[in-house]
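The values are calculated or read from the model by the stated rules, or taken from the named source; none is laboratory data. On a predicted model such as this, the values are computed, not experimentally measured, just so you know. Neighbour counts run over all protein chains shown; Cβ positions are idealised from the backbone, glycine included.
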Amino acid sequence: MLAHEKLGISRNYKYLSSIRQQLDPALEELCEKGFLAGFRYEGKGRGAQLIVDSALRRTSISARKGRKKKKGEGKGGGNLRLEIEIMLEERGINPERLASVLDSYGEELLRKVKQIICYYDTLVEQNSRLVSKNRTGFLFRAVERARGFVLPGPFGSRGQVSIFPSQRRLTQSSDLGQANSYEDRGDCGEDDEVDRLRAQYLVERKREAKRLMSTAEPSILEKVRAEVERDLSKFRGNISESNFASVVDHGVEERLLKLFAFPGFDEWMLSRSAPRRS
């Protein structure tokens, strides 16, 4: 009813998967803009429901910076904490909703949160099943459970390839609205090889980003840098110049990689396995 009469989606879309293709891009944009905290689907077929989590009213970073410290706040480095808040906000999560969690984290855990965000970015880039249903929900839960979150291969200690502390991995659930199911991981040899290749991919990706930074046309580089600085301008007064420059450089690298179509991990793997012409 909502999809057909209120949103104008054709009644020819009889299956939930077809309706999701129409709804998900708009819902993800609302999450990225901060209007929604997340969304999920529960149930199957005609009984399926779309659950939307409304975001709390966004509070500016500068206002949060000046608020009175709560119990446990300030354990972690100030600049690192602020950098994480910026990263979360850029990915559609209002940092205020995680304030009490971040307040309780020391500098070591905050560094781990930053690694988790980088891992999340890789999953999104690879269109991983782990984040295909609710990207912001996955990241929110991962940051919330950072103490027990086990980072895989290149992001954490080698051999720690599961996602949550049960030492089991998330796999795609057949139910659209249910949390991903857990199953024992028994393919350690294969996992080690995938971790090795993923680490190699990240090294090549970083190398290509550096190459693009040094070889791109000055006009393109200036335009991309101006766009990134404009997008991050509201944070400039709340972060040191050196940290702001680092964040901008990272943003420029990411946009150049996208602009020049650097492949995702799956595509990169396919290109490696494709037979070469003699």
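Data overview
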{"quantity": "Some residue of region 182-200 being more than 25 Å from residue 50 (Cβ to Cβ), at pLDDT 80 or above and over 14 Å from the mean Cα position of the chain (by Cα)", "calculated": "yes"}
{"quantity": "Identity of the residue in region 106-124, touching a Lys or Arg at 6+ places or on another chain (Cβ under 9 Å) and either of a type in the set (Phe, Trp, Tyr) or under 18 Å from residue 255 (Cα atoms) (or both), that ends up surrounded by the fewest Cβ atoms within 10 Å (Cβ to Cβ)", "calculated": "121"}
{"quantity": "Residues within region 229-278 that are basic (Lys, Arg), under 24 Å from residue 84 (Cα atoms) and at pLDDT below 80, tallied", "calculated": "2"}
{"quantity": "Residue match in region 240-252 (condition: closer than 17 Å to residue 90 by Cα and in contact (Cβ under 8 Å) with a residue 40 or more places away in the chain)", "calculated": "yes"}
{"quantity": "Number of positions in region 58-104 that are under 23 Å from residue 135 (Cα atoms), of a type outside the set (Lys, Arg) and either at pLDDT below 65 or outside any helix (DSSP H, G or I) (or both)", "calculated": "6"}
{"quantity": "Which listed residue is surrounded by 12 or more Cβ atoms within 10 Å (Cβ to Cβ), touching a residue at least 40 places away in the same chain (Cβ under 8 Å), of a type outside the set (Gly, Ala, Ser) and assigned to a helix (DSSP H, G or I), from 197, 221", "calculated": "197"}
{"quantity": "For residue 141: the one exception among (1) part of a helix (DSSP H, G or I); (2) crowded, with 17+ Cβ neighbours inside 10 Å; (3) at pLDDT 65 or above", "calculated": "(2)"}
